Amino acid sequence: MAKWSGPLEKVDDYRWRIPQSYKAGMRVPGLVYASQEMMTHITEEQALEQVANVAFLPGIVGHSLAMPDIHWGYGFPIGGVAAMRTNDGVVSPGGVGFDINCGVRLLRTNLTKDEVLPKIKELVEDLYRSVPSGLGSSGRIKLHGREIDEVLAKGSRWAVEKGYGRPEDLETTE
C-alpha cells in the first residue's frame, strides 16, 4: 500500500489537521490525535485518506476525527470518529467496525424515542446479556486445534451449523 502524501498541518504536539481544502467537497477538516512518532507509522498507509473521505459524509459535525490507533479500515479508518446531525446526517456501521465483529450491529425499528426512553435501562441490560462482546478466555464457546481452523474457514456458517445462529443470519454476515 502506498504511503500517504496528502497535506497534514501540525496543530500541536498531539494533533494534526487535514485541511478541508485538501479535496473539493470535504464538509469539515480532518483532525488526528497522535504523537510525532505515531504519525510516522500512521502515514505508512492510506488511513488518513479515509479520514478525508469521512469528511464528505452528509451531516458531519466539526471534524472527521482519528484516534491514535488509526489504521486502514472498511470505509472509515479503524480509530475514526465522526458526529452527525440527526436531521441530515447518516448512520454507518462501517464507522464502528462491523466488518470484524466488534460487537456492533445496525438495526432499524419503527419505535420512537418516546417509546424507548422509559425502558432504555432494561433494553441496554438485555442487550449486554444477549450479545457476546469483549475479549478473554471465559466465554461459553471453547475451541481447540482444528476447531479454530474450521471457524476461520467457515466463518458465521460454522456458528449457524453449531446452533449459535439461524440460517437467515447468514444473509447479513460476511
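Only the coordinates and a few stated rules stand behind these numbers; no lab work does. Quick caveat: nothing in here was measured; it's all calculated off a predicted structure. Here Cβ is always computed from backbone atoms with ideal geometry, including for glycine, and neighbour counts include all displayed protein chains.
Looking only at region 107-132, residues that are surrounded by 10 or more Cβ atoms within 10 Å (Cβ to Cβ) and either in contact with a Pro (Cβ under 9 Å, 6 or more places away or on another chain) or charged (D, E, K, R) (or both) come to 4 in all.
Per the listing Tyr74, Tyr33, Tyr22, the residue uniquely of a type in the set (Phe, Trp, Tyr), surrounded by 18 or more Cβ atoms within 10 Å (Cβ to Cβ) and within 26 Å of Gly89 (Cα to Cα) is Tyr22. Within region 77-92, residues that are in contact (Cβ under 8 Å) with a residue 12 or more places away in the chain and farther than 15 Å from Gly62 by Cβ sit with their Cβ atoms under 8 Å from residues that are outside any loop (DSSP other than H, G, I, E, B) and among the β-branched types (Val, Ile, Thr), at 6+ positions apart or across chains, in these pairs: Pro77/Val51; Pro77/Val54; Pro77/Ile70; Ile78/Ile70; Gly79/Ile70.
Among the residues of region 32-66, the ones that are part of a strand (DSSP E or B) and under 15 Å from Tyr22 (Cβ atoms) come to 5 in all.
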